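Report on one structure; see the data block that follows.
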Amino acid sequence: MSEIPVAFRPRAVAPAVRATAGPIAGIAIEGMDCASCARKVSAALGAVPGVDSVTVDLPAGRAEIRWRPGAATESDALLRAVEAAGYRASTGTSPGASDGAAAAPERPWRRALWLGGPVTVALLVGEWVLHLGMERWFQWLAFFLALPVQVMVGGRFYRGAWRQARAGHSNMDTLVSLGSTAAFGFSVWGLLSGFRGHLYFMEAAAILTLISAGHWLEARMSSKAGAALKTLLNLAPPTARRLDERDQETDVPVALLVPGDRIVVKPGDRVPVDATVVSGESSVEEAMLTGESLPVEKSRDSRVFAGTVNHTGRLVARVESTGESTALAHIIAAVQRAQSSRAGIQRLADRVSSVFVPVVIVIALGTALWWGLGHASASAVHQWLGGRLWATNVPEHPVAAAFAMAAAVLIVACPCAMGLATPTALMAGVNAAARRGILIRDAQALEKSGRVGTLVFDKTGTLTEGHPVIVAREDFRTGPDPGPPLPVLAASLARPSQHPLSRAVAGLAGPEESGPEFEDWRERRGSGVEAMLRDGAGSGTWRLGSAAWLEEAGVDCRAAQAFVDRESAGGSTVLFVARDQTLIGVLAVRDALKPQAREILDRLRASGHRVRLLTGDRPETAAVVARELGIPPDAVAAGVRPEAKAGVIESLQRQGERVAFIGDGLNDGPALAQADLGIAVTRATDVAREAADILLLKSDLAAIPEALDLARATLRVIRQNLFWAFFYNAAAIPLAAAGLLSPVVCAAAMGLSDVIVIGNALRLHRR
């Protein structure tokens, strides 16, 4: 019966939900061009000792770092980590941000398109339509048109490649720079030396332009993928109406509110902070928190949350939480953390990418030597493949062919799609889940959700409504003066507890029925409550709880056997009241099953999951519930204390089962931690006590199959993206080396691969 704080898992504590949060540092970062850059910076900062979490804002060119509580905060260590990764960092304002407002991430790429696009089109028409490519005057014109593109558009890639080279690294900027430079440099040499073959000014400009176009599309689509998080960030209003001692309203910044202040929320207003209603009645839309579409009625003592919308009435509320302590802030932190996490499958891509660029450079050099020194054999292979695939034209001069094919290999092999495969899918999936009131902790939770086969459900508050009521009671005391009535005694014992069963018992007595005053009140986890009553009749140690606990204390409960048999057969939970070793009375508590519980469990079984019930209730009560839910008797574990639930989960795991545990987050911390996948069915007020891999902010059981389906869909998209990225590079590199893909086609294919990966991830938004 006890309520205990849910134990966080040390390996995955959310920084924003800790009781004591560590300090936050912000640094500006220069040189990040794409999602892969942001991921690399995040990994570098996360490896600094003492860093708890990292959030990289690519458009703003900034990173927010939260230190662990008590850790030494070394800003210099952060700057060194970023610079070691090949980027420039400072504690000032990012060059890409102005007055705290980040520029649109696609803006620099759009400028590159405005310059490179017309030049590429003009040169393409001159060569492919008017056939002027071999005219010397046109080659000089191509040089003067391509030069600013090479300098201004290519400068972004050159700077990135140089920073990586100084740090001893290489990335896609390295490949793009080498490829475009090979095409442009050979063309300049040919122009100045009088070479009469084809020159590649158009290809050099097209490479930079098409890859910039790919980055522009990537930035636009990534912005769309992050729209849900941006919406959450903008939900809470910047100002609030604060009431002073004379009940006068004053508009003040939300940052100035402190717990205890009174605020006014009028119809149509968004609630600025988490608060408790003092007066007024209204309906409040909480869809942004729980995914519930219907408004929730609010009156005195109801909780309202930052970002929710007041619909009909005027509310006066007392501020409870502000800033990072609000439920909205916890949700945003959870979404940000999940988006910045890495799936285990991503580690494979990271290991491949770390050696991919050097390998590609070696392949490009080998291709150049092959076409330059063994032109006849390379041409023979090209003709043989062309006859079976498609025919293409290659330069007849060995030097020209060497430069062209090497450039094609360098361009087509850019590993940008590999870097985007996981982050874009993860961002889209986590955001889609957050809109439905489902918080996915990290990428590992997604992977685990696809592997579980057994679903173990807690009963109270998970399969049931969580609002039990007293349906029967019996007092075993006799005599002319038995003392305070049983309902008053039991209510006084239960009142300090927040457990659902205790709250049901506390409701037996009204506020005017104060009852006896107990001392030394204590709550025994999973068993009940006990306290001392020292004065007057009935003094001694009083207990309210389960039969097993009272029997351990020496209480003889046999007198209640008939009551227990009768009420347990109807699905009620029986609580016992005792003084010292004497049984005083019994209470039957019943909690109705949630309306769709049987239907949801049938859906889960139909999808191939095995469903089990794990509860602390008596076997008789559990058997009734299991029968109503269609759970076979051999899949029910009853009478299990909270600390023993983890042992039941572990025994199933030893049998080879991959187990997901679904609980209400009150007494289920150990079981949630032990399970392969922990799912907490809770309320927005409990976000700060996150202990599960997946947190459901609404109590609707339909969210469970929805969460599992969405998690599996996200993981499926990640795998599809990684397969495409690997397949694309594996197939394209040999084709480019054999001369079947020109540098221009390779640049277009590289950009298209990015678009395919991001577009595939965005399908999750439609789920």
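The values are calculated or read from the model by the stated rules, or taken from the named source; none is laboratory data. In this text the structure is predicted, and so the values were computed from the model without any measurement. Please note: Cβ atoms are built from the backbone with ideal geometry, for glycine as well, and neighbour counts cover all protein chains shown. Just the protein is used for accessible areas: all its heavy atoms, side chains included, with ligands, DNA and RNA removed. Shrake-Rupley method; radii C 1.70, N 1.55, O 1.52, S 1.80 Å.
Of the residues making up segment 123-147, those that are open to solvent by less than 50 Å² (accessible area, probe 1.4 Å) and either more than 14 Å from residue 188 (Cα to Cα) or in contact with an Asp or Glu (Cβ under 7 Å, 6 or more places away or on another chain) (or both) number 5. Considering only segment 393-405, I want to know if a residue exists there that is part of a loop (DSSP other than H, G, I, E, B), in contact (Cβ under 8 Å) with a residue 24 or more places away in the chain and buried (at least 23 other Cβ atoms within 10 Å of the Cβ). Checked against the condition, which is being part of a loop (DSSP other than H, G, I, E, B), in contact (Cβ under 8 Å) with a residue 24 or more places away in the chain and buried (at least 23 other Cβ atoms within 10 Å of the Cβ), segment 393-405 yields no hits at all.
Look at (1) assigned to a helix (DSSP H, G or I); (2) surrounded by fewer than 24 Cβ atoms within 10 Å (Cβ to Cβ); (3) modelled with pLDDT under 85 and you find that residue 206 fails only one, number (2).
On inspection, residue 488 fails the criterion of being in contact with a helix residue (DSSP H, G or I) (Cβ under 8 Å, 6 or more places away or on another chain), open to solvent by 10 Å² or more (accessible area, probe 1.4 Å) and touching a residue at least 12 places away in the same chain (Cβ under 8 Å). Which one is modelled with the lowest pLDDT, of the residues in segment 528-556 that are open to solvent by 40 Å² or more (accessible area, probe 1.4 Å) and in a helix (DSSP H, G or I)? Looking at the filtered set, the residue picked out is 548. Please list, ordered by first then second residue, the pairs with beta carbon atoms under 8 Å, 6 or more apart or interchain, first in segment 359-379 and among the polar types (S, T, N, Q), second open to solvent by 30 Å² or more (accessible area, probe 1.4 Å) and assigned to a helix (DSSP H, G or I). As it stands, the answer is 377/370, since those pairs meet every condition given.
Of all residues in segment 165-186, those satisfying the criterion of being of a type in the set (Gly, Ala, Ser) and under 19 Å from residue 120 (Cα atoms) are 177, 179, 180, 182, 183, 185. Residue check: residue 559 meets all listed conditions (1) without any contact (Cβ under 8 Å) to a residue 40 or more places away in the chain; (2) open to solvent by 30 Å² or more (accessible area, probe 1.4 Å); (3) farther than 22 Å from residue 636 by Cα but one, namely (1).
Of all the residues in segment 541-552, those that are under 12 Å from residue 528 (Cα atoms) and either of a type in the set (A, V, I, L, M) or touching a Cys at 6+ places or on another chain (Cβ under 9 Å) (or both) number 4. Among 155, 168, which is the only one that is open to solvent by less than 70 Å² (accessible area, probe 1.4 Å), closer than 30 Å to residue 359 by Cα and not in a helix (DSSP H, G or I)? Just one listed residue meets the conditions, 168. What about residue 461, is it within 25 Å of the chain's Cα centre (by Cα) and outside any helix (DSSP H, G or I)? Yes: the conditions hold for residue 461. For segment 479-500, filtering for residues that are at pLDDT below 80 and either within 47 Å of the chain's Cα centre (by Cα) or under 24 Å from residue 642 (Cα atoms) (or both) leaves 3. Within segment 694-714, the set of residues being open to solvent by 10 Å² or more (accessible area, probe 1.4 Å), within 24 Å of residue 757 (Cβ to Cβ) and in contact with a Ser or Thr (Cβ under 7 Å, 6 or more places away or on another chain) comprises 712 only. Got a sec? Which of 604, 575, 593 is within 27 Å of the chain's Cα centre (by Cα) and of a type in the set (A, V, I, L, M)? Sole residue among the options that is within 27 Å of the chain's Cα centre (by Cα) and of a type in the set (A, V, I, L, M): 604. Among residues of segment 427-442 that are open to solvent by 10 Å² or more (accessible area, probe 1.4 Å), those with a beta-carbon under 7 Å from a residue that is in a helix (DSSP H, G or I) and of a type in the set (S, T, N, Q) at least six positions away or on a different chain give the pairs 427/339.
Yes/no matrix, rows are residues, columns are (1) assigned to a strand (DSSP E or B); (2) open to solvent by 20 Å² or more (accessible area, probe 1.4 Å); (3) modelled with pLDDT under 80; (4) closer than 22 Å to residue 726 by Cα:
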| position | (1), (2), (3), (4) |
| --- | --- |
| 411 | no, no, yes, yes |
| 418 | no, no, yes, yes |
| 448 | no, yes, no, no |
| 477 | no, yes, no, no |
| 502 | no, no, no, no |
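Residue 624 satisfies every condition listed in (1) open to solvent by 50 Å² or more (accessible area, probe 1.4 Å); (2) in contact with a Gly (Cβ under 6 Å, 6 or more places away or on another chain) except (1).
Residue-level analysis places residue 473 among those that are outside any helix (DSSP H, G or I), over 19 Å from residue 672 (Cα atoms) and not aliphatic (A, V, I, L, M).
Among the numbered conditions (1) out of contact with any Gly (no Cβ under 7 Å at 6 or more places or on another chain); (2) surrounded by fewer than 21 Cβ atoms within 10 Å (Cβ to Cβ); (3) more than 23 Å from residue 485 (Cβ to Cβ); (4) not aliphatic (A, V, I, L, M), the only one that residue 571 does not meet is (2). All told, residue 373 falls short of being under 46 Å from the mean Cα position of the chain (by Cα), modelled with pLDDT of 80 or more and open to solvent by 10 Å² or more (accessible area, probe 1.4 Å).
Within segment 585-606, residues that are without any contact (Cβ under 8 Å) to a residue 24 or more places away in the chain and over 19 Å from residue 487 (Cβ atoms) reach no partner that is hydrophobic (A, V, I, L, M, F, W, C) and part of a loop (DSSP other than H, G, I, E, B) with beta carbons closer than 7 Å at six or more positions or on different chains.
Restricting 764, 708, 735, 695 to those that are in a helix (DSSP H, G or I) and at pLDDT below 85 reduces the list to 764.
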